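The values are calculated or read from the model by the stated rules, or taken from the named source; none is laboratory data. As the structure is a prediction and not an experimental result, all values here were calculated from the model. A quick note on method: Cβ atoms are made from the backbone with ideal geometry, for glycine too, and the neighbour counts reach across all protein chains shown. To get the accessible areas, we keep the full protein, side chains included, count just its heavy atoms, and leave off ligands, DNA and RNA. Shrake-Rupley method; radii C 1.70, N 1.55, O 1.52, S 1.80 Å.
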Amino acid sequence: MKTPVYEVNPHTMIILPLKTKTGVHSEIFELNDHRISSFTPLFLIKTSCQYFGSSYDGR
């Protein structure tokens, strides 16, 4: 399943970089799911920090 936007949650086990012909994307593994996002792992983590009222540097 392709997921363009992803929110890190308690079910997130790991977010790995996935190198493709178009650049770096994210391969996301949850407890019972596997997803691909068109964003980089760092972008997803920073976005999730901001969503929950923090910053990447603050974490």
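Yes or no, residue by residue, for (1) part of a loop (DSSP other than H, G, I, E, B); (2) open to solvent by less than 80 Å² (accessible area, probe 1.4 Å); (3) in contact (Cβ under 8 Å) with a residue 40 or more places away in the chain:
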position	(1), (2), (3)
Met13	no, no, no
Leu16	no, yes, no
Val24	no, yes, no
Arg35	no, yes, no
Ser54	yes, yes, no
Gly58	yes, yes, no
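Suppose we filter Thr20, Thr3 for residues that are at pLDDT below 95 and open to solvent by less than 50 Å² (accessible area, probe 1.4 Å); which single one remains?
Selected residue: Thr3, the only one of Thr20, Thr3 that is at pLDDT below 95 and open to solvent by less than 50 Å² (accessible area, probe 1.4 Å).
Please count how many residues of the range 37-48 are within 16 Å of Asn9 (Cβ to Cβ) and in a loop (DSSP other than H, G, I, E, B).
Keep residues of the range 37-48 that are within 16 Å of Asn9 (Cβ to Cβ), which gives 37, 39, 41, 44-48.
Imposing the further condition that a residue be in a loop (DSSP other than H, G, I, E, B) reduces the set to 39.
Residues that pass the stated criteria total 1.
Select from the range 37-52 the residues that are of a type in the set (A, V, I, L, M) and surrounded by 16 or more Cβ atoms within 10 Å (Cβ to Cβ) and write down the one among them that is nearest to Leu18 (Cα to Cα).
Leu44
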